[in-house]
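The values are calculated or read from the model by the stated rules, or taken from the named source; none is laboratory data. The structure displayed is predicted, hence computed values, not measured ones. Don't worry about glycine lacking a Cβ; one is built from the backbone with ideal geometry, like all the others, and counts go over all protein chains shown. Calculation scope for accessible area: heavy atoms of the full protein, side chains included, ligands and nucleic acids excluded. Shrake-Rupley method; radii C 1.70, N 1.55, O 1.52, S 1.80 Å.
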Amino acid sequence: MDEPSAAGREAGDTGDAERCAPGQAETSVIVTRGLTKRYRGGQLAVDGLDLTVPAGSVFGFLGPNGSGKTTTIRMLMGLIEPTAGTAGVLGRPMPRAARAVLPQVGALIEGPALYGFLSGRDNLLRYDAADPTADPRTRRVRVAAALDRVGLTAAAGKKAKAYSLGMKQRLGLAAALLQPRRLLVLDEPTNGLDPQGMREIRTLIRELAADGTTVFLSSHLLDEIEQVCTHAAVMARGRLVTQGAVADLAAGARGRLVVTTPDPAEAARVLKEQGVGDVIADGDRISGEPPARDLAEVNAALVAAGVRVRGFTLVRASLEDAFVALTGEGFDVAG
Ligand SMILES: Nc1ncnc2c1ncn2[C@@H]1O[C@H](COP(=O)(O)OP(=O)(O)OP(=O)(O)O)[C@@H](O)[C@H]1O
Ligand SMILES: [Mg+2]
């Protein structure tokens, strides 16, 4: 339900963001404070989430299965009530301002609802017809453009029940793209797509971002987030682990030192002596966390100890390294 206009809001203008988050408004399209969801069964799915999504960003919401991504998105879209905390989308409180906010947001949430007996095109026509702001005269053009954008033109006449998972996902995305939006919220948009399809969706997301749409997408695939996102937040077990610019997040992890040598045992000993942490030997490849000291000294120490060094490299940290560094655990499903 919308909030009353008596609250000092100008009728007809639903866009400006300064209303529920002064100071942050123009630059953030999603702001949550202490956002929490405990399901009826007692499961704490989202725990005190403070999320800030900058306008114009491609924001990756990253976390393993069960970490609370979909639950957060459902709260952002006003589909479920938070147990505690607040969620602001486009500067308005959710779920209270859902009626004003949702027309400006394209959303794809786990398993788009489709009529299996209708073709992909007819599903979109129906979807468009349900939007009271959509001009019926331009409906067919809009639907054709959306089908084209997601690469479904050739399959548009096929019944949706005969669609593959990836095709259904594309159709859900097409529905979110029927209207120009200020914000797109996509829950695992590449779920079920083959590598080629994933590439196409990534390109599409970049194009949308270039047009000025903020894109918020969830994923459990770290490299996908690295490839397409400017910013990211990392979730683990319902809690925010970190958020920020992707480049900064990866830079926060130091990368790993990798030494290749036919003398692995001796190399491991020397590296430990030199302050290299978490030394792991795998055949002739020894890796570890680089110490604070100059790596030239570490290399010299290896050589001085008679270790025959074939390779000595610092492997750039990925977002996955950052995740492991931050949580002390791998990117696995919470139990
Ligand atoms: N309707 C529900 N009732 C009770 N518990 C739920 C419900 N939906 C989700 N949960 C639980 O809340 C936690 C978070 O689930 P959620 O679906 O938000 O995770 P997710 O990050 O989207 O996972 P995935 O990557 O698998 O989609 C999980 O432990 C899940 O079992
Ligand atoms: Mg999910």
- Query: Somewhere in region 144-156, is a residue open to solvent by 10 Å² or more (accessible area, probe 1.4 Å), part of a loop (DSSP other than H, G, I, E, B) and closer than 20 Å to ASP211 by Cβ?
  - Reply: yes
- Note on the structure: Exactly one of LEU186, LEU257, LEU204, LEU173 is part of a helix (DSSP H, G or I) and buried (at least 21 other Cβ atoms within 10 Å of the Cβ), and that one is LEU173
- Of the residues in region 222-253 that are surrounded by 17 or more Cβ atoms within 10 Å (Cβ to Cβ) and assigned to a loop (DSSP other than H, G, I, E, B), the one that is farthest from the chain's Cα centre (by Cα) is ALA253
- Item | Subset of region 251-272 [touching a Lys or Arg at 6+ places or on another chain (Cβ under 8 Å) and modelled with pLDDT under 90] | GLY255
- In region 26-54, residues that are open to solvent by less than 50 Å² (accessible area, probe 1.4 Å) and in contact (Cβ under 8 Å) with a residue 24 or more places away in the chain total 18
- Taking into account only those residues within region 23-61 that are small (Gly, Ala, Ser) and in a loop (DSSP other than H, G, I, E, B), which is nearest to ligand 1 (Cβ to nearest atom)? GLY41
- Query: Within the bounds of region 288-299, is there any residue that is surrounded by 16 or more Cβ atoms within 10 Å (Cβ to Cβ), part of a loop (DSSP other than H, G, I, E, B) and of a type in the set (A, V, I, L, M)?
  - Reply: no
- Message: Yes or no: region 240-248 includes at least one residue that is out of contact with any helix residue (DSSP H, G or I) (no Cβ under 9 Å at 6 or more places or on another chain), modelled with pLDDT of 90 or more and within 16 Å of ligand 1 (Cβ to nearest atom).
- Response: yes
- Answer yes or no: is there a residue in region 62-85 that is under 17 Å from VAL215 (Cα atoms) and either part of a strand (DSSP E or B) or more than 16 Å from ligand 1 (Cβ to nearest atom) (or both). yes
- Task: Would you mind finding the one in THR71, THR138, THR83 that is within 16 Å of ligand 2 (Cβ to nearest atom) and either more than 26 Å from ARG199 (Cα to Cα) or open to solvent by 10 Å² or more (accessible area, probe 1.4 Å) (or both)?
- Result: THR71
